[in-house]
Amino acid sequence: MGASVGIIILMLGVATVLSFSATSTINDQMRIMTIFNTPLEKAIIQMNGLQKIQNLTVENSVLFYESKDVKNFEVVKNQFYVNSALMTDQIEEARNIIISSGKTLPPEYAKSSVNSLSQKMDSLDGLEIAYLNTAERFFKSTSSNGTTNIAAIANELRLEEKLSESQQKDILAELQNSDKSIESTAHANKEKLLTLEVILIVSVGIISLTSSHLVNQINKDLILEVVKKTKSLQKANEKLRRLNNLKDEFISEASHELISPLNPIYGFVELAKCGDIDKEEALTGIAKQAHQIEEVANKMLDIGKIDRNRLQLSFEKFDLNELLFDIVQASRLELVKGVKIQTRLEGIIEVEADRTRIGQVVRNMINNSLKFTSCGTILVASSNDGTHAEVRIKDTGAGIHPAMFPNLFNKFSTMSNNKHNPNGNGLGLHLSKGIIDAHNGRIGAFNNPDGGATFFFSLPKTCQKAGVIQNSLTT
Amino acid sequence: MGLQILSGEDNEFAAMQYKKIFEKYQHRITIAKDGDDCVATYRKALKESADGQTPFDIVLLDFIMPKKNGVRVAKEILDMKPNQRIIFASAFGTGILDDASAILKDSVEILQKPFSLDFLVKKIENACTLKTPR
């Protein structure tokens, strides 16, 4: 845009300079015409007229001399001298015009035309002097009564008249040529200027139109870009608002999880004090509730570590099947009626991983299945393809609600979908994903065709440290 | 005569304690371990109640319960028996409890956890004595 305005201003500037220069050229030409050519032409025409009268007086003098008409001869003679004085004045005036005006003319004109005219005028002056001398001789001869050379001198005079006239014509022709040339140059200049100005105006117009079109296009693009950005900001804002709501809910529900076990603790104390239950039972209960609080708090701390990419893994080699078996055995102790846990664990699957963390993932998954399975079977199975070990926990429970799938492993996912989720603090699966990601493994879930859901994870069998811990908040 | 109480409580220890304390005061308490169980137990008891009266004097619920949350359970129970007295016992902050009480009927009361068992018994006994059943 700035460049276009610059070009337009530059072109207008060029147009102004051109018209100024053309005007100045035309002015020069006009000046040549008015102060030089025209007065000079007038002078030459007058000289020509005087010359013709001179010619006539010479012819009359010859006639009156031959007819011995002394009286008329004297009249004509006097006329000749008067005309000669006029002629000399006219030549002087013409020379003055050439000298004085010639100085003020443009140098290129002064060089060519003025010099040439000045020379021609000198030569005309010389011719006139010679002519006057001859005339002097002519009139002297007539008074000395000599008869022989009168006709010869008269012929000489006639020749010199012709030379003068020819010189005058020559000067006049040169001046007229100069007039024509000046006129045609002025005309050509006018045309050139007009053409250039038309070109400039059209160019400025085209540039202006193009610029305005470009500016419009840029504006349109900008508007589109702004609309796009606004939409994406609105989306981001919406996402943040949703996350913020989820976080609020999460905090509220996490506090609930932490406070909930306190009630039974107070209850045990109260009942034990009144002797409604024995102290041993109360203490065992209190210990279990305290453990539950600890578990929730630990999970929250782990989530914090995962979100800050600070989850430390302690790699060791162990038998994955043995770990699974131990966890299943422990879980079986707390099974409700109607629910069974089966295993399909073959041989030894040695993996290099963080045993405690992997145990945590398995417990989370089994607990998750137990929450959704009021009666039926939970199958814990492992497999091994040489490089990776996979664990599957398949239940016959309610399955996963389709609305839950996109955020299943995200933090707060449970909280955001209370109506689809019977229990849980929304941390277990997020934590499990963080742990498996940190092992460079894969975690997932799907609904079984015959009912219930399957959760699975796979791990590289050998240690792959420096795993990137995914931050689900950003997904 | 003791009160008939239905409690939705998924914490087995809390459930055990409710049983102990209410029975100590000669009340009968039925424990449901989740929201679904709570609604089912209520429906069954309502069917069995010959006179069409509310089958329980008080239903004690938590907002967060497995399978079906407390608010949904309360709504379903109130759909069956609009004059059923319900008390929520929850560890939620008071702000959330206030919001919840605004959307629930005035036959619903809210207790904030933690509270003593004795306080719970007194609260329930008072609620049933002072307020005239509708």
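The values are calculated or read from the model by the stated rules, or taken from the named source; none is laboratory data. Remember, predicted model here, so these are calculated numbers, not experimental data. Positions of Cβ are backbone-derived with ideal geometry, glycine not excepted, and every protein chain shown enters the neighbour counts. In case anyone asks, the SASA skips ligands and DNA or RNA and just uses the protein heavy atoms, side chains included. Shrake-Rupley method; radii C 1.70, N 1.55, O 1.52, S 1.80 Å.
For the range A:155-216 and the range A:97-113, what is the separation of their C-alpha centers, rounded to whole Å?
Result: 18 Å between the Cα centres.
Please say if the range B:4-130 is rounded, prolate or oblate, where rounded means a/c under 1.5 for a ≥ b ≥ c the square roots of the C-alpha gyration tensor eigenvalues, and otherwise the choice is prolate for a/b larger than b/c and oblate otherwise?
Working: a/c = 1.28, a/b = 1.07, b/c = 1.20.
Note, shape of the range B:4-130 comes out rounded.
What is the range A:230-389's relative contact order, in percent, from Cα pairs under 8 angstrom and six or more apart in sequence? Don't skip to the answer; put the middle values down first.
On the way: 128 pairs, mean separation 30.7, N = 160.
Worked out over the range A:230-389, it gives 19 percent.
Report A:LYS120's accessible area, 1.4 Å probe, all protein chains in place, as a number in Å² to the nearest 10.
Result for A:LYS120: roughly 50 Å² accessible.
Using 1/(1 + (r/R0)^6) with R0 = 60 angstrom and r between the beta carbons of A:LYS103 and A:ALA3, what's the FRET efficiency to the nearest 0.05?
Working: r = 48 Å, r/R0 = 0.80.
Computed FRET efficiency for A:LYS103 and A:ALA3: 0.80.
Quick one: length gained pulling A:ARG308 to A:SER123 fully straight, 0.36 nm per residue minus the C-alpha distance? Could the numbers behind the result be given before it?
On the way: separation 185, 0.36 × 185 = 66.60 nm, distance 11.16 nm.
Additional length available on full extension: 55.4 nm.
Just want to confirm a number: the relative contact order over chain A, from Cα pairs under 8 angstrom separated by 6+ residues, in percent. Let's see the in-between values first.
On the way: 518 pairs, mean separation 54.8, N = 475.
Reported relative contact order: 12 percent.
Ignore the peptide's own chain and count Cβ atoms of other chains within 10 Å of each Cβ in B:6-17; give me the average, rounded. It would help to have the intermediate numbers written out before the result.
Details: counts 0, 0, 0, 2, 3, 7, 5, 14, 9, 1, 7, 11.
Mean shielding by partner chains, rounded to a whole number: 5.
Between helix A:70-96 and chain A, what is the angle of the helix's C-alpha long axis to the longest principal axis, kept within 0 to 90° and rounded to the nearest 10?
20 degrees
Listed highest first by mean packing, meaning other Cβ atoms within 10 Å per residue, what order do B:62-68, B:19-25, A:312-318 come in? Intermediate results must be reported in sequence, preceding the final value.
Values: B:62-68: 22.1, B:19-25: 17.1, A:312-318: 13.3.
The densest-packed peptide leads the list: B:62-68, B:19-25, A:312-318.
Would you mind working out the accessible area per residue for chain A, using a 1.4 Å probe, and quoting it in Å²? Present the calculation step by step, with values, prior to reporting the outcome.
On the way: 26130 Å² over 475 residues.
Heavy-atom SASA per residue in chain A reads 55 Å².
Placing unit charges on C-beta atoms (Lys and Arg positive, Asp and Glu negative, everything else neutral), compute the dipole magnitude of the protein assembly as shown about its Cα centre in debye, rounded to 20. Could you put the intermediate results ahead of the total?
Numbers: 71 positive and 73 negative charges, 499 e Å.
I would put it at about 2400 debye.
Tell me the net charge near B:HIS27. Cut-off is 9 Å between Cβ atoms, B:HIS27 excluded, with +1 for each Lys or Arg and -1 for each Asp or Glu. Don't skip to the end; give the middle numbers.
Details: positive: B:LYS24, B:ARG28; negative: B:GLU23, B:ASP57, B:GLU125.
Local net charge: -1.
Taking a probe of 1.4 angstrom, what is the accessible area of A:PHE20 in Å², to the nearest 10?
A:PHE20 exposes around 150 Å² with every protein chain in place.
Share of antiparallel DSSP beta bridges in the protein assembly as shown, in percent to the nearest 5?
Working: 24 of 46 bridges.
Taking every DSSP beta bridge with both residues in the protein assembly as shown, the antiparallel ones total about 50 percent.
Once amide H atoms are placed 1.01 Å from N in the peptide plane, what residues at a sequence separation of 5 or more from A:VAL339, or on another chain, have their amide H within under 5 Å of its amide H?
The list, which skips near neighbours in sequence, is A:GLY376.
Can you give me the angle between helix A:428-438 and the longest principal axis of chain A, using Cα atoms only, in degrees from 0 to 90, rounded to the nearest 10?
The angle comes out near 60 degrees.
State the extension gain, in nm to one decimal, for the chain segment bounded by A:ASN237 and A:ALA287, taking 0.36 nm per residue of separation less the distance between their alpha-carbons. Write down the numbers at each step before the final one.
Details: separation 50, 0.36 × 50 = 18.00 nm, distance 4.46 nm.
Taking 0.36 nm per residue and subtracting the Cα distance, the gain is 13.5 nm.
How far apart, in nm, are the 7 Å Cα→Cβ label points at A:LYS192 and A:ALA173?
2.9 nm
Whose amide H sits under 5 Å from the amide H of B:GLN84, counting only residues 5 or more places off or on another chain, with H placed in the peptide plane?
Residues meeting the amide H criterion: none.
So what is the orientation-averaged projected area of the protein assembly as shown, using the convex hull of its C-alpha atoms, in nm²? Show your work: numbers first, answer last.
Details: hull surface 233.7 nm².
The number I arrive at for the protein assembly as shown is 58.4 nm².
Which part of the range A:109-133 falls in the paramagnetic zone of A:ILE35, meaning amide N under 15 Å from the point 7 Å along Cα-to-beta-carbon?
Those under the cut-off are A:109-111, A:114.
Could you report the buried accessible area between A and B, both sides summed, computed with a 1.4 Å probe and given in Å² to the nearest 100? Mind showing how you got there, number by number?
Working: alone 27260 and 7500 Å², together 32540 Å².
Summing both chains' loss of accessible area gives about 2200 Å².
Over the range A:1-129, one equal point on each Cα, no solvent: what is log10 I(q)/I(0) by the Debye formula at q = 0.20, 0.21 Å⁻¹?
Listed by q, the Debye log ratios stand at -1.07, -1.12.
On C-alpha positions alone, give me the angle between the axis of helix A:38-66 and the longest principal axis of chain A, in degrees, nearest 10.
10 degrees
Mind ranking A:124-131, A:364-371 by how tightly packed they are, going by the mean number of other C-beta atoms within 10 angstrom, highest first? Mind dumping the intermediate values first?
Numbers: A:124-131: 17.4, A:364-371: 21.6.
The most tightly packed comes first, giving A:364-371, A:124-131.
Taking the Cα-to-Cβ direction at A:CYS274 and at A:LEU56 and moving 7 Å from each Cα, how far apart do the two end points lie in nm?
16.4 nm
When the dipole is taken about the Cα centre of the range A:306-348, and only Lys, Arg (+1) and Asp, Glu (-1) are charged at their Cβ, what size is it in debye, to the nearest 20? Mind showing how you got there, number by number?
Numbers: 7 positive and 7 negative charges, 46 e Å.
With only Lys, Arg, Asp and Glu charged at Cβ, the dipole is about 220 debye.
Per DSSP H run of at least 4 residues, take -39500 (n - 2.57); add these up for the protein assembly as shown, divide by its residues and hand me the 222 nm value, nearest 500 deg cm²/dmol.
On the way: 16 runs with 375 residues, N = 609.
After summing the helix terms and dividing by residue count, I get -21500 deg cm²/dmol.
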